[in-house]
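First comes the structure, then the notes that go with it.
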Amino acid sequence: MQNQVLNFIPEQAHSQIKALLAKDNLVIKVKQERKTKHGDYRQLSNDIHQITVNANLNPYRFLITLIHEIAHFEAYTKFGRFIKPHGKEWKLTFQHLMLPFLRPEVFPLELLPLLAKHFKNPKASSDTDTQLALALKQFDEGEDKTYVFEVPLGKSFKLYNGRVFTKGSTRRKRIECIEVKTGKLYLFNPNAEVEILD
């Protein structure tokens, strides 16, 4: 068990994570930030199972991501490799693994109701649960961030990769934005981090 993982999660979760990882005998790697994912699970050669998690995550998102990926391994082990990656077997496993951590000693009180709601039917990414994603971002380190839902209608903004968009109307769960260079319409998660342009 790599003790470095413990540096990234709330202290009150250490003993449970140690026990979980000792039982599963997984290889855990902490990676530099990847913009497209928080973590992943893969079976490598020689029956080695590896989980990676981004180092830039706050302790609560890191813990949720770690359990998310462990759930992939345990669902795969218990139900076989032909299950859907985020199907009912994974959801049940994720709920079962996460439940012991959903307590005020591990998570701040303001997150617990949102986590309880999310884990009634967990999604492939906690980012798709906009309320939970925004609440988790409040614990991120660094400068103040601007989210696409805060951008005024018709105003332009830039993404981390330099692409420029103009904010359009809001649908039920997504925000329509037009890429300035191509004129193409894209749907944004309201919690996407952006930089407003003058």
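The values are calculated or read from the model by the stated rules, or taken from the named source; none is laboratory data. All figures in this text were calculated on a predicted structure; none of them were measured in a lab. FYI the Cβ positions are ideal-geometry reconstructions off the backbone, even for glycines, and counts take in every protein chain you see.
Condition check for W90 on (1) touching a Lys or Arg at 6+ places or on another chain (Cβ under 8 Å); (2) modelled with pLDDT under 90: one failure, at (2).
Given the structure, is F94 closer than 18 Å to K23 by Cβ and of a type in the set (F, W, Y)? Answer is yes for this residue. Return yes or no: is T65 surrounded by 13 or more Cβ atoms within 10 Å (Cβ to Cβ), closer than 23 Å to Q131 by Cα and among the polar types (S, T, N, Q)? So T65 fits the description; yes. The residues of the stretch 146-198 that are of a type in the set (A, V, I, L, M) and under 16 Å from K35 (Cβ atoms), listed by number, are V148, L159, A192, V194.
Residue-wise test of (1) buried (at least 17 other Cβ atoms within 10 Å of the Cβ); (2) in contact with a Cys (Cβ under 8 Å, 6 or more places away or on another chain).
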{"site": "T130", "(1), (2)": "no, no"}
{"site": "E141", "(1), (2)": "no, no"}
{"site": "Y147", "(1), (2)": "yes, no"}
{"site": "L159", "(1), (2)": "yes, no"}
{"site": "F165", "(1), (2)": "yes, yes"}
{"site": "R172", "(1), (2)": "no, no"}
{"site": "I175", "(1), (2)": "yes, no"}
{"site": "E193", "(1), (2)": "no, no"}
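When the strands (runs of 3 or more DSSP E) confined to the stretch 103-198 are screened for residues that are among the β-branched types (V, I, T) and without any contact (Cβ under 8 Å) to a residue 24 or more places away in the chain, those reaching at least 1 such residues are found at 164-170, 175-179. Within the set E74, E69, E89, the sole residue that is within 14 Å of the chain's Cα centre (by Cα) and of a type in the set (D, E, K, R) turns out to be E69. Among the criteria (1) touching a His at 6+ places or on another chain (Cβ under 7 Å); (2) surrounded by fewer than 13 Cβ atoms within 10 Å (Cβ to Cβ); (3) aromatic (F, W, Y), the one F82 does not fulfil is (1).
For residues that are among the aliphatic types (A, V, I, L, M) and without any contact (Cβ under 8 Å) to a residue 40 or more places away in the chain, scanning just the stretch 23-51, find the one that is surrounded by the fewest Cβ atoms within 10 Å (Cβ to Cβ).
L44
Considering N25, N56, N46, the condition of being within 26 Å of N161 (Cα to Cα) and in the same structural domain as F94 (by TED's automatic domain parsing) is satisfied by N56 alone.
Would you tally the residues in the stretch 10-22 being within 16 Å of E74 (Cα to Cα) and surrounded by 11 or more Cβ atoms within 10 Å (Cβ to Cβ)? Selection size over the stretch 10-22: 6.
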